[in-house]
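Presented below is the structure to which this report refers.
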Amino acid sequence: MSNGTETVRRPHGPLARLPHIDRVWLVLAAALALLALIDSDQAARSLRFTADALLGVAVFLALSIGVAAFAKASGADNLIARAFSGQPAWMILAAALMGALSPFCSCGVIPLIAALLAMGVPLPAVMAFWLASPIMDPSMFVLTVGTLGTGFAVYKTFAAVAIGLLGGFGTWALLSAGALQNPLREGVGNGGCSARVVRAPQPVVWRFWQERDRREKFRTNALFNLNFLGKWLALAFFLESLMVAYIPADTVVGLVGGESVLPVVIATLVGVPAYLNGYAALPLVGGLIDQGMAPGAGMAFMLAGGVTSIPAAVAVYALARPPVFAAYLGFALVGSLGLGLLFNAIY
């Protein structure tokens, strides 16, 4: 998932007495200060652009924060356990749907996958969840509606499920052929902050506000996500302002514009190293589309980047054996390219 808990290393010695400053906010402040030295007029315009853009998505931001906090406080994330039981085909379908719709923190997705595999959950269902999970979640859907429109959000949700199904049924076929045995690396454990939802699922408490601990969990999660989403969106809108100011629209059109296959291929491949964060990518892709980027290329960039970005890929590589990792990347890239081309054709 995209709205994750970030592990912060506290400094020791004299630095420990200094107030902690989030690195994203620090980078944003430093970038704005540097821009002010180089081009003070553009710094003022970028600041206004960022503030106006944040104000424009404020309602969607608040709604997405509320959805994520409600899921945590009520225990609705426990519903994930139901996706991993039944016949293989139904299990794959349920896992892909739950992966696209369930909010999970980024610190918990990888250990959760390890827990599922260690408990003997079939790899096809795990692969379906694994691929669909980073592409879409309820908070991402709401913010995508606010930045790129309802059509883009609905299709991206469909694409998340489709890529999950591709990976799930593709893995099933590979397993039937004798491949992808023993998916976990040696020594990989099955712990993690989200593994308990599969090991010992608890009933959902929809009226969470009646319990003090759950009200506190709602408040804590909402504040965390306000900071998490706020900082990434602020950085993304700031970068979008620079992109609009300094990158000619003709350049964008020349690289990733038009209805041919090449722009979607380029966007799919570029999405792997260039992807920052699922939330940060929304305004950046919106700005590129406004400058002439093909909608299918924007979709392919977000799909491929969400699954195969360097941080996510490194985490998967650390967990899975090389053949499973290669299958993960292959399904993600093929699915992103195909669904990007389809979006280009029907947009």
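Structure above, values below:
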read-out	value
Estimated inter-spin distance, Arg48 and Asp290, nm [label 7 Å along Cα→Cβ]	1.4
Set of lysines near Lys72 by C-alpha distance (under 17 Å), chain-local residues within fewer than 8 positions excluded	Lys217
Extension gain, Leu34 back to Tyr246 (0.36 nm per residue minus Cα-Cα distance, nm)	74.8 nm
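No value in this document is a laboratory result; all are computed from the given coordinates. Since this is a predicted model, take the numbers as computed values, not measurements. Ideal geometry is used to build each Cβ from the backbone, glycine not excepted, and the neighbour counts take in all protein chains shown.
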